[in-house]
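Remarks on the structure that follows.
The values are calculated or read from the model by the stated rules, or taken from the named source; none is laboratory data. For clarity, every value in this text was computed on a predicted model and none was experimentally measured. All Cβ positions, even for glycine, are placed from backbone atoms using ideal geometry, and neighbour counts span all protein chains on display.
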Amino acid sequence: MPFKFEPLAIPEVILIAPRVVADARGYFIETYKRSEFAAAGITDVFVQENHSYSEGGVLRGLHFQRAPQAQSKLVRVVSGQVFDVVVDLRPDSPTSGRWVGATLSAADRTLLYVPSWCAHGFYVLSDRAEVVYLTSSEYAPDHESGVMWNDPALGIDWPVENPVVSERDRRWPRLVLNGAAPGDARRHR
């Protein structure tokens, strides 16, 4: 099996290390193989690929799409390094309102599986970064949503105090689950 699947503190969020075959010419990796992902419990069918470029200091997120257009994501960094964050939005989950974070880089080639019921965002740690991700549903602007990146109730330990954030991302609301903001949700890899 060319992949190692590591569940994080939110067990359905999975860090994936592909097998790298390297020689004097360079390297080859499989970044996705449906049969092996399904054997590891990742059964989504991915229908869209996105590619973002960001300068250092940029924070994107926390984004998600609402049902019926909710998107699972398979995220990888093809250039640079990011601190990637996932928040559990399920109101009745034992990890509801909690977050996990992992550093993804082009150097280590790890991928991150983000279930459809999560908000997702990342902060660029390097001078620049390119992030490619597959989604299980096509982009649907009428279903897009988000959560405030610095919501104090989430307590995300971002590696920055004043990132570059888009105007849209500044306007996302605080997270509300079952009519209330989550309690101390600090949790990471």
>> All but one of (1) farther than 14 Å from Val114 by Cβ; (2) surrounded by 11 or more Cβ atoms within 10 Å (Cβ to Cβ); (3) under 15 Å from the mean Cα position of the chain (by Cα) hold for His51; state the number of the condition that does not hold.
In response: (2)
> Considering segment 55-68 alone, what residues qualify as being closer than 29 Å to Ile29 by Cβ and in a loop (DSSP other than H, G, I, E, B)?
Replying inline: Gly56, Gly57
> Hey, among the residues in segment 69-80 that are out of contact with any Leu (no Cβ under 6 Å at 6 or more places or on another chain) and part of a strand (DSSP E or B), which one's surrounded by the most Cβ atoms within 10 Å (Cβ to Cβ)?
Replying inline: Lys73
> Inside segment 81-95, can you point out the residues that are assigned to a strand (DSSP E or B) and either over 10 Å from the mean Cα position of the chain (by Cα) or surrounded by fewer than 17 Cβ atoms within 10 Å (Cβ to Cβ) (or both)?
Replying inline: Gln81, Val82, Asp88
> Can you tell me how many residues in segment 152-178 are in contact (Cβ under 8 Å) with a residue 60 or more places away in the chain and either surrounded by fewer than 16 Cβ atoms within 10 Å (Cβ to Cβ) or in a loop (DSSP other than H, G, I, E, B) (or both)?
Replying inline: 12
> Just for strands (runs of 3 or more DSSP E) wholly inside segment 7-49: which have at least 3 residues that are farther than 23 Å from Val87 by Cα, of a type in the set (D, E, K, R) and out of contact with any Lys or Arg (no Cβ under 7 Å at 6 or more places or on another chain)?
Replying inline: none
> Before we move on, is Leu177 at pLDDT below 95, touching a Lys or Arg at 6+ places or on another chain (Cβ under 9 Å), more than 19 Å from Val58 (Cα to Cα) and not acidic (Asp, Glu)?
Replying inline: yes
>> Quick check on Val100: is it farther than 27 Å from Arg19 by Cα and either among the basic types (Lys, Arg) or modelled with pLDDT of 95 or more (or both)?
In response: no
> So which pairs qualify, if the first residue must be in segment 39-51 and free of Cβ contacts under 8 Å to residues at least 40 places away in the same chain, the second must be outside any strand (DSSP E or B) and surrounded by 13 or more Cβ atoms within 10 Å (Cβ to Cβ), the Cβ gap must be under 8 Å, and the two must be at least 6 apart or on different chains?
Replying inline: Gly41/Glu12; Thr43/Phe37
> Do we find that Ser52 is at pLDDT 95 or above and more than 23 Å from Arg170 (Cβ to Cβ) in this structure?
Replying inline: no
